[in-house]
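I have placed the structure first, in the form of structure tokens, so that the comments after it can refer back to it.
Each reported figure results from applying straightforward, stated rules to the coordinates on display, with no laboratory input. On a predicted model such as this, the values are computed, not experimentally measured, just so you know. Please note: Cβ atoms are built from the backbone with ideal geometry, for glycine as well, and neighbour counts cover all protein chains shown.
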Amino acid sequence: MTDQPMDITRVGIIGAGQMGNGIAHVCALAGIPVVLLDADAEALPRALAAIAKNLDRQVTRGNVTQDARDAALARIATAADYAAFAECDLVIEAATEREEIKKAIFKQLVPQLSPHALIATNTSSISITRLGAGTDRPGKFIGMHFMNPVPVMKLVEIIRGIATDEATFQAIAALAKRLNKTIAVSEDFPAFIVNRILVPMINEAVYALYEGVGSVVAIDTALKLGANHPMGPLELADFIGLDTCLSIMQVLHEGLADSKYRPCPLLVKYVEAGWLGRKSGRGFYDYSQTPPMPTR
């Protein structure tokens, strides 16, 4: 086995939602051909429209030329079948943050890959070692956690599983640099670095609301002006998705067995109600109104 990092010339992406289309956007803009797949065929035209809109915004701001925008869009192909990944050097999974879904995806993906292909997961919290062990190539499996929105946020967390080899790490680090991202290397512990710190802060803000310490507006204003955060924690929770926040807290609570990571009962209730934040139109704020109104 060679220790030389692979030159990644074609990338596959599974999941055409906000994260998947953002990853496709930055890869295509960096000159890398992309194959984008989603279980929902209707998600693919929506993803292409979102990428075009975001590229247009970059053109308007003078960050991207019209020619670069057109070339990037031309590099993105959509697919309905995993066989389309046969020529990819790397496939990045950016599906729902549920372990059973990710494992089912890898089971379908692996038989279609060339022997040299790498697999990365964009998971924000799940064990890289455990996910990689379910494939035929744990040495070529790694965590590549992009931040949302991908075209704007500069950070990528890179997480090695216990079996991830050095050449895989070097190839992914080189790719992140090519995408104009800064990397933070995390050990394979639940929620890694960003969400290990960020999501418990959000959960604590929900506890402060639950216990009546302050209102939605008071809590968000306090953190925006008192800690110089661009968004308040409850506003940020709505942006991330309350279901995602709850999932990460559950991973932390189960993985570290520490009561300080217990999800707030109010967060659980909001998710049970289907109040998931911006994507459902209602969370800690009601987005059917402008400006959004707090729901508590």
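Before moving on, here are some points about what is shown:
- 32 Å Cα-Cα threshold exceeded, pairs from K224/K260; K53/K140; K140/K224; K103/K269; K107/K224; K53/K181: K53/K140; K140/K224; K107/K224
- Among the GluC sites (Glu not before Pro) in the stretch 85-130, those located in a DSSP loop and surrounded by at most 14 other Cβ atoms within 10 Å of their own Cβ are E87.
- Global form of the stretch 139-194, assessed from the alpha-carbon gyration tensor, a/c cut-off 1.5: oblate
- For the chain, the membrane-span-like helices by this rule, meaning whole DSSP H stretches whose C-alpha atoms cover at least 20 Å of axis and whose Kyte-Doolittle mean is 0.5 or above, are 194-210, 242-256; this says nothing about an actual membrane.
- Cα gyration tensor shape for the stretch 11-186, rounded if a/c is under 1.5, else prolate or oblate: prolate
- Take each peptide in 79-86, 7-14, count the other Cβ atoms within 10 Å of every residue, and average; sorted highest first, the result is 7-14, 79-86.
- Annotation: amide H-H contacts under 5 Å for L118 (H modelled 1.01 Å from N, sequence separation of 5 or more, or interchain): L90, V91.
- Here, P(r) means the percent of Cα pairs in each 10 Å bin from 0 to the largest distance; for the stretch 196-294 it is 17, 51, 29, 3, 0.
- Between the stretch 124-160 and the stretch 264-296, the alpha-carbon center distance in angstrom: 29 Å
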